[in-house]
Amino acid sequence: MTKSVTVGDLARALDARCWGDETLKVTGAAEPAATEPAGAEGGIIALAMADKYARALKPGSMAILAEGMQPENYGLKAAIFAPRPRVLMAGLTREFDTGPDIAPGIHGSAIIDPSASVAGDAAIGPFVVIGADVRIGAGARIGAHVSIGRGSVIGEQALIHPGARIAHGVRAGDRLILQSGAVIGGDGFSFVTPEESGIEEIRRTLGAREGIKAQHWTRIHSLGGVDLGDDVEIGANATIDRGTIRATTVGSGTKIDNLVQLGHNVVVGQDCLLCGHVGIAGSSRIGNRVVLAGQCGVSDNIEIGDDVIAGGATKIFSRVPAGRVILGHPAVKMDTQMEIQKAMRRLPRFAQQLAKLQETVTRLLEKG
Amino acid sequence: MTKSVTVGDLARALDARCWGDETLKVTGAAEPAATEPAGAEGGIIALAMADKYARALKPGSMAILAEGMQPENYGLKAAIFAPRPRVLMAGLTREFDTGPDIAPGIHGSAIIDPSASVAGDAAIGPFVVIGADVRIGAGARIGAHVSIGRGSVIGEQALIHPGARIAHGVRAGDRLILQSGAVIGGDGFSFVTPEESGIEEIRRTLGAREGIKAQHWTRIHSLGGVDLGDDVEIGANATIDRGTIRATTVGSGTKIDNLVQLGHNVVVGQDCLLCGHVGIAGSSRIGNRVVLAGQCGVSDNIEIGDDVIAGGATKIFSRVPAGRVILGHPAVKMDTQMEIQKAMRRLPRFAQQLAKLQETVTRLLEKG
Amino acid sequence: MTKSVTVGDLARALDARCWGDETLKVTGAAEPAATEPAGAEGGIIALAMADKYARALKPGSMAILAEGMQPENYGLKAAIFAPRPRVLMAGLTREFDTGPDIAPGIHGSAIIDPSASVAGDAAIGPFVVIGADVRIGAGARIGAHVSIGRGSVIGEQALIHPGARIAHGVRAGDRLILQSGAVIGGDGFSFVTPEESGIEEIRRTLGAREGIKAQHWTRIHSLGGVDLGDDVEIGANATIDRGTIRATTVGSGTKIDNLVQLGHNVVVGQDCLLCGHVGIAGSSRIGNRVVLAGQCGVSDNIEIGDDVIAGGATKIFSRVPAGRVILGHPAVKMDTQMEIQKAMRRLPRFAQQLAKLQETVTRLLEKG
């Protein structure tokens, strides 16, 4: 599975400048300490964007350097200069990512409903189960133990890792990436009591409760599916519930990390990043280009505007206007939060100062 | 798989009043914008509980309206009037939920231990693995790739979605619903060090540490299983660990959302709602009808009384008396939390006011 | 699968003192209320480390008691005295843990690449898929529906529960325990925009944003794998992402609970405990013997020193020196947090006191 490319071609593919012997073969990328002198079979190229990293390079090896660094100082045979390092990382790692092995064709053990339509060039792994009326687009690669329910539609060039779950009635655009264990289209968590429930009561009374009584939960079933746009990626063991009567929706270009939970009827816009453990409760709407860092939470039925950025573990209980940068539990503007945190650390001291001041003023009053 | 029912029969099933042509066939439920004029084959019924929604209805279609709305205003052919909309939603969605496809009978690829007992009418999907002495009740439907370990007992009418995991020694009542990827009966997270561990030390000293020393963790194995009552639902990728020497227990009627974690020996009462990402640490006890909103956390070995309601991301470190409504990190009464949050936002201003006041008083003192 | 051992041998195995009839057979461990008089076939031994528990023991049964308790008081036939109860629990539960059933040998339905090397005594369950060049060590037990990707290496005595996922390029030491649904080696969550992204901007400006513009995310692929040391245990539905160009690493003896998320390039030291729902963002480094309680979060690119202990739901945004005990959101020293929380609860009262004081001082000033 090893791939190789000349360092000159690699530089051109990355739209970057090459130095030294352009004909050397590159077989992968690694850390500076893992390099070896490049021989006839070529070798690894290392990322060494600063002198402190580059010093670990082995003489005779290849590296990607920041502009202004001197390849001769490290005895390199070839180098590529990175104008914007993280952008170059994207190109470089794509070049050498072999991904999971999913053999071409349909594995003999896969069970595919006769009414399903699978593109001729799709690769379907062992023990895959594909339901009635499913449609799988061209170039799809589907790993072992994946299940896809009745009527779901997967666009072109999908990569579905082993053990991911797609229920019935899910529609995904092109270039979907689904990591292992992700569950798309589980039933929504939506229940009702015959009479007003305790939750409804405290929402109405802002916390007060009159008579607490036994009550059982009746299920509201989920008839809506899940709609995913193009270029959506969903992380390992993330869960996206189906909608109640319309689809839960994720816009094109949005990336969702591991263990994220999207409730029923949630609408997420385009080009968002939702990081690990983010939870969005039912029926909330997230705008475009929203970034929620790890462990953020969003209450149900609220709206987050376009371009909102929330720092780690921000807990959002009410609507957030477009463009705002927020932080904290509960969420406030990031700069306000910074001031609150500073003040909180001084809070025990405040208490002392206040007590002392009260004492002083009392004495002043007595004197007066 | 499309189902149909006359709008008159549907209204009667929902215990609601019907208006217009009761003989029209209803084939599903959707949003107002998705309606079409109902023809000979019938059509979709839309939920339109307020005028602003109902305006999107197509003339000639069918809708569920709130009492007091006028079907003629929207040119409807038939309507159902909803006395308590969310309760009606439960009946309506149950009527049209086709659920996952699991063909009747036992799929030829399923591997079932000869000592297991599976009810004659159970539906067992492809690649299911059922261990020794397992008992599966009448009407159970078990999706693809599910595994059920030795000696586990599943009651009647269970619905187990593809890829759910039930370990050995799990007992579930009737009408269990298990979403994909849920893991019931993983080993508890319980470890011990030969001498006092750092955790035990800081619990004893409330944070102080004397001598830090290297220590390895020895596993306490989990001999207890998991007991689930009747009418329990467990969400996608949720995890419930087995107990140490007695079972981890979930009471009848309790609903557990996606990605929830229940530690070993936890006891959850009846008719609780545990929302997405809730985590309950080992040996804690949760009463009946407790509602924990998304991302709540409960420390180990504590007790939450009956009818407690905790708002989103509430972190509970100590016991909570019955009936209390709590919020915050750490949890306090909801109204106290509201005051704390108000004061926190004013905290930076307090700091300034306090400093200025100190200055003023100092000047007063000097004058005096 | 029932196992039995004499109570005398059990005591010796546990390095503890035995009292009474040492020849009685023990067939399992349970709670005091579950005991029965031990007969010819032996019986259950109960854990009853205090008188209040021991009172539930049935006469004629067996129990593990704390030193100083009197077996005669409960009519026991035999007893074991526990010097350090939790340490004894480890030995006792190990003795009776039968674990999941995985039949010896390779199940006929498993699909194993011809280039893979599986130790002769390994047990491989139904529908397991093992990729090219995988190596599985001696004594491994691999449950149903597990998949292991190309080139991964699993040491000796591994126990991999049903449905766990190991991607390509994962290396694990000996005695690995993987609970169901764990995903090792998913792709990292790493994206870049062609120009500076909003996240990069607010990190530079500490929250300020100038021009918000549309931007798409380009994927940085994950070429690194995951390296796990010896004696690592990973919980149900936990996720560990692969590194970008070097491996994500977990040190020997570290235990990881359910639903924990480790981002790409994370390095976790030895003998750590990471409890349920902990999330560690990309490229952060965790020292040795670190304990993170449930729902803790660690930002990306920071360092947590050796022997740090963080209480439940602690959110860590910056580096933590070795040995520190921390708590809160954001994390501060545990004792500081205790003072902050006390002051926060008094905060609404502070506000009133401050306002009153200001009034008094204003009056004093007017008088002066």
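For the stretch C:126-142, residues that are within 23 Å of the chain's Cα centre (by Cα) and β-branched (Val, Ile, Thr) total 1. Looking across B:Ile286, B:Ile340, B:Ile316, B:Ile326, one residue alone is more than 8 Å from chain A (Cβ to nearest Cβ), in contact (Cβ under 8 Å) with a residue 12 or more places away in the chain, open to solvent by less than 20 Å² (accessible area, probe 1.4 Å) and in contact with an Asp or Glu (Cβ under 9 Å, 6 or more places away or on another chain). It is B:Ile286. Taken over the stretch B:58-84, the residue count meeting the criterion of being assigned to a loop (DSSP other than H, G, I, E, B) and crowded, with 24+ Cβ neighbours inside 10 Å is 2. Of all residues in the stretch C:35-53, those satisfying the criterion of being farther than 18 Å from C:Asp9 by Cα and surrounded by 23 or more Cβ atoms within 10 Å (Cβ to Cβ) are C:Thr35, C:Ala48.
Only a single item in (1) among the aliphatic types (A, V, I, L, M); (2) closer than 25 Å to C:His161 by Cα; (3) at the interface with chain B (Cβ under 10 Å from one of its Cβ atoms) is not met by C:Ala46, and it is number (2).
Inspection of the stretch A:219-235 identifies no residue that is open to solvent by 60 Å² or more (accessible area, probe 1.4 Å), in contact with a helix residue (DSSP H, G or I) (Cβ under 8 Å, 6 or more places away or on another chain) and at the interface with chain B (Cβ under 10 Å from one of its Cβ atoms). The set of residues in the stretch B:294-310 being farther than 19 Å from A:Ala214 by Cα and either in a strand (DSSP E or B) or without any contact (Cβ under 8 Å) to a residue 24 or more places away in the chain (or both) consists of B:Gln295, B:Cys296, B:Gly297, B:Val298, B:Ser299, B:Asn301, B:Ile302, B:Glu303. Taken together, the criteria place C:Gly105 among residues that are out of contact with any strand residue (DSSP E or B) (no Cβ under 6 Å at 6 or more places or on another chain) and at pLDDT 95 or above. Residue pairs whose Cβ atoms lie under 9 Å apart, sitting 6 or more positions apart in sequence or on different chains, and linking a residue in the stretch A:133-145 that is at pLDDT 95 or above to a partner that is aromatic (Phe, Trp, Tyr), are A:Ala144/A:Phe127; A:Ala144/C:Phe127; A:His145/A:Phe127; A:His145/B:Phe127; A:His145/C:Phe127. Set side by side, the residues A:Ile124, A:Ile106 differ, and just one is surrounded by 19 or more Cβ atoms within 10 Å (Cβ to Cβ) and either free of Cβ contacts under 8 Å to residues at least 40 places away in the same chain or in contact with a Lys or Arg (Cβ under 9 Å, 6 or more places away or on another chain) (or both), which is A:Ile124.
Does A:Lys333 qualify as being free of Cβ contacts under 8 Å to residues at least 24 places away in the same chain, buried (at least 24 other Cβ atoms within 10 Å of the Cβ) and not polar (S, T, N, Q)? No.
Comparison of B:Leu262, B:Leu273 shows that the only residue that is modelled with pLDDT of 95 or more, open to solvent by 10 Å² or more (accessible area, probe 1.4 Å) and not aromatic (Phe, Trp, Tyr) is B:Leu273.
The C-beta contact set for the stretch A:239-262 (first residue under 20 Å from A:Ser222 (Cα atoms) and within 9 Å of chain C (Cβ to nearest Cβ), second residue part of a strand (DSSP E or B) and at pLDDT below 95, distance under 7 angstrom, 6+ apart or interchain) is empty.
When the stretch B:85-113 is filtered for residues that are assigned to a helix (DSSP H, G or I) and not hydroxyl-bearing (Ser, Thr, Tyr), the ones remaining, listed by number, are B:Pro85, B:Arg86, B:Val87, B:Leu88, B:Met89, B:Ala90, B:Gly91, B:Leu92, B:Arg94, B:Glu95, B:Phe96. From the set of residues in the stretch C:297-312 that are among the aliphatic types (A, V, I, L, M) and under 25 Å from C:Ser190 (Cα atoms), which is farthest from the other protein chains (Cβ to nearest Cβ)? So, considering only residues that are among the aliphatic types (A, V, I, L, M) and under 25 Å from C:Ser190 (Cα atoms), the one farthest from the other protein chains (Cβ to nearest Cβ) is C:Ile304. Mind checking which residues of the stretch A:4-30 are in a helix (DSSP H, G or I) and either touching a residue at least 60 places away in the same chain (Cβ under 8 Å) or buried (at least 17 other Cβ atoms within 10 Å of the Cβ) (or both)? If the condition is that a residue be in a helix (DSSP H, G or I) and either touching a residue at least 60 places away in the same chain (Cβ under 8 Å) or buried (at least 17 other Cβ atoms within 10 Å of the Cβ) (or both), then A:Val7, A:Gly8, A:Leu10, A:Ala11, A:Ala13 are the ones that fit. Screening A:Leu347 on (1) closer than 23 Å to C:Gly297 by Cα; (2) among the hydrophobic types (A, V, I, L, M, F, W, C); (3) free of Cβ contacts under 8 Å to residues at least 12 places away in the same chain; (4) open to solvent by less than 40 Å² (accessible area, probe 1.4 Å) shows it passes everything except condition (1).
Yes or no, residue by residue, for (1) in contact (Cβ under 8 Å) with a residue 24 or more places away in the chain; (2) crowded, with 21+ Cβ neighbours inside 10 Å; (3) of a type in the set (A, V, I, L, M, F, W, C); (4) away from chain C (no Cβ under 12 Å):
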residue	(1), (2), (3), (4)
B:Ala119	yes, no, yes, yes
B:Val129	no, yes, yes, no
B:Asp187	yes, yes, no, no
B:Arg203	no, no, no, no
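Taken over the stretch A:143-167, residues that are open to solvent by less than 20 Å² (accessible area, probe 1.4 Å), more than 20 Å from the chain's Cα centre (by Cα) and not small (Gly, Ala, Ser) amount to 3.
The values are calculated or read from the model by the stated rules, or taken from the named source; none is laboratory data. Values in this document were obtained by computation on a predicted structure and should not be read as measured data. A quick note on method: Cβ atoms are made from the backbone with ideal geometry, for glycine too, and the neighbour counts reach across all protein chains shown. Accessible surface is based on the protein model in full, side chains and every heavy atom, while ligands, DNA and RNA are left aside. Shrake-Rupley method; radii C 1.70, N 1.55, O 1.52, S 1.80 Å.
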